[in-house]
Each structure stands twice: as structure tokens, then as C-alpha cells.
Amino acid sequence: MNVVRIIGMLLVVLGILGAAYGGFSYTHKTKEAQLGPLALSVKHKHHVDIPLWMGAGAVVVGGVLLLVADGPQQGGRADG
């Protein structure tokens, strides 16, 4: 399996997930203060929106990469 094919499959899967879910969330933990053995921290929750056109575009580009990777294989030598 070559690299172009792997990238194409990843783009198709990520594009479908992005279009289906519309984004993802993650939590960022920051350390605010430490007073002796007591540590105070704050968790910030972030949400990243993925537009539908970006998910669809990733699926299309991934599909094109898969078609290019599976194209006709030329055997033999080119110096005829």
C-alpha cells in the first residue's frame, strides 16, 4: 500500500466524520496557581466547527487520490 492511497483513505474517513459530526471538542487544562501542596487549575473546553463544504471537499480529494493511486500500472521499460 503506497502513501498516496493511505492519505486518500484518511481524507475520505475524516471527511465523512467531519460532515457527520460538524466538529469536535477538546479540553485544555491550565495551571493557575500553586499554594504549597494545593494546586488550583482551570479547564477550558473548546469546540472546533468543521464546515460541511470542508468535509465534502476532503471526501472528494480523498476519492481522487484513491483513483490516481489505483490507476493503470505500466510495466516494462520506457526506452523501447
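The values are calculated or read from the model by the stated rules, or taken from the named source; none is laboratory data. Model, not experiment: these values are computed from the prediction. Every residue, glycine as well, gets a Cβ built from its backbone with ideal geometry; the counts of neighbours run over all protein chains shown. Only protein heavy atoms, including side chains, enter the accessible area calculation; ligands, DNA and RNA are left aside. Shrake-Rupley method; radii C 1.70, N 1.55, O 1.52, S 1.80 Å.
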C-alpha long axis of helix 3-21 to longest principal axis of the chain, angle in °:
50 degrees
For the chain, the longest principal axis of the Cα atoms and the Cα long axis of helix 52-69 enclose an angle in degrees, to the nearest 10, of 40 degrees
Highest mean first, how do 48-54, 62-68, 29-35 rank when packing is the count of other Cβ atoms within 10 Å averaged over residues?
62-68, 48-54, 29-35
Just grab the label-to-label distance for ALA56 and LYS31, each label 7 Å out from Cα along the Cβ direction, in nm (one decimal).
4.7 nm
LEU67 paired with ALA39, simple spin-label distance in nm, labels 7 Å along Cα-to-beta-carbon:
5.3 nm
For the stretch 1-44: accessible area per residue (Å², 1.4 Å):
80 Å²
So how many Å³ per residue does the convex hull of the Cα atoms of the chain work out to?
166 Å³
